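Here's the structure, in structure tokens; my notes come after.
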Amino acid sequence: MAVLDILEFPDPRLRTVARPVEQVDDELRTLIDNMFETMYQAPGIGLAATQVNVHKRVLVIDVSEERNEPRVFINPEVTPLTDETGELEEGCLSVPGFNESVERPERVHVRALDYHGEPFEREVEGLLAVCLQHELDHLDGRLFVDHISRLKRQRIRKKLEKQHKQHA
């Protein structure tokens, strides 16, 4: 397995809308394995293919404390199950060092393909629901900073641009 490079805000490639996966094959499973390796090393609890500059509708998540419940969502479709929203502090591997409160539906229904290309559906809530919506945003070219005030977003952008210049 390989650790992939994670794109960082404000990289314009993060705004690319991912294309649906046409075929689940060994090449895609290798990407998924590498995404898990990358996510665990970072460390994070979710990673979308867009974040590693692969614009396919694939995301991986593991919200378990032990890091032993890897979940794969290929071509995910999410529907809110409630009008109730909750606010949770979110961070992002593509926006390192920043956390902000984001309001999202607390329970959602997800339909997707698994690691082997088999379809599944389930209802999820809590941290898994939030993480799923966060990662799905990436596949649609959005970031969690799009859910916060313009002022906060600009402040984060400037700080990260400054950091990128210092490391270049």
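The values are calculated or read from the model by the stated rules, or taken from the named source; none is laboratory data. Just so we're clear, the structure is a prediction, and the values are computed from it rather than from any experiment. All Cβ positions, glycine included, derive from the backbone under ideal geometry; neighbour counts span all protein chains shown. In case anyone asks, the SASA skips ligands and DNA or RNA and just uses the protein heavy atoms, side chains included. Shrake-Rupley method; radii C 1.70, N 1.55, O 1.52, S 1.80 Å.
Quick look at the values:
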{"read-out": "Those residues of the range 72-90 which are assigned to a strand (DSSP E or B) and in contact (Cβ under 8 Å) with a residue 40 or more places away in the chain, in sequence order", "value": "VAL72, PHE73, ILE74, ASN75, PRO76, VAL78, GLY86, LEU88, GLU90"}
{"read-out": "Some residue of the range 153-168 being of a type outside the set (S, T, N, Q) and under 16 Å from the mean Cα position of the chain (by Cα)", "value": "no"}
{"read-out": "Flag for VAL130 being open to solvent by less than 10 Å² (accessible area, probe 1.4 Å) and either in contact (Cβ under 8 Å) with a residue 40 or more places away in the chain or assigned to a strand (DSSP E or B) (or both)", "value": "no"}
{"read-out": "Residues that are open to solvent by 10 Å² or more (accessible area, probe 1.4 Å) and either free of Cβ contacts under 8 Å to residues at least 24 places away in the same chain or among the hydroxyl-bearing types (Ser, Thr, Tyr) (or both), drawn from the range 33-42", "value": "TYR40"}
{"read-out": "Some residue of the range 63-70 being among the hydrophobic types (A, V, I, L, M, F, W, C) and within 15 Å of the chain's Cα centre (by Cα)", "value": "yes"}
{"read-out": "Filter result for the condition that a residue is of a type outside the set (Gly, Ala, Ser), out of contact with any Lys or Arg (no Cβ under 6 Å at 6 or more places or on another chain) and at pLDDT below 95, over ASP146, ASP114, ASP83", "value": "ASP83"}
{"read-out": "Tally of residues being among the acidic types (Asp, Glu) and either touching a Lys or Arg at 6+ places or on another chain (Cβ under 7 Å) or surrounded by 12 or more Cβ atoms within 10 Å (Cβ to Cβ) (or both) across the range 88-100", "value": "2"}
{"read-out": "Residue within the range 82-98 that is out of contact with any strand residue (DSSP E or B) (no Cβ under 8 Å at 6 or more places or on another chain), β-branched (Val, Ile, Thr) and within 22 Å of VAL3 (Cα to Cα) present", "value": "yes"}
{"read-out": "Any hit, the range 59-69, residues being open to solvent by 10 Å² or more (accessible area, probe 1.4 Å), part of a loop (DSSP other than H, G, I, E, B) and either among the aliphatic types (A, V, I, L, M) or under 23 Å from PRO10 (Cα atoms) (or both)", "value": "yes"}
{"read-out": "Residue among ASP114, ASP140 that is over 18 Å from ARG15 (Cβ atoms) and surrounded by 12 or more Cβ atoms within 10 Å (Cβ to Cβ)", "value": "ASP114"}
{"read-out": "Qualifying positions in the range 1-32 - out of contact with any helix residue (DSSP H, G or I) (no Cβ under 8 Å at 6 or more places or on another chain) and buried (at least 16 other Cβ atoms within 10 Å of the Cβ)", "value": "VAL24, LEU28, ILE32"}
{"read-out": "Scan of the range 75-87 for residues that are more than 12 Å from the chain's Cα centre (by Cα) and open to solvent by less than 30 Å² (accessible area, probe 1.4 Å), ordered by number", "value": "GLY86"}
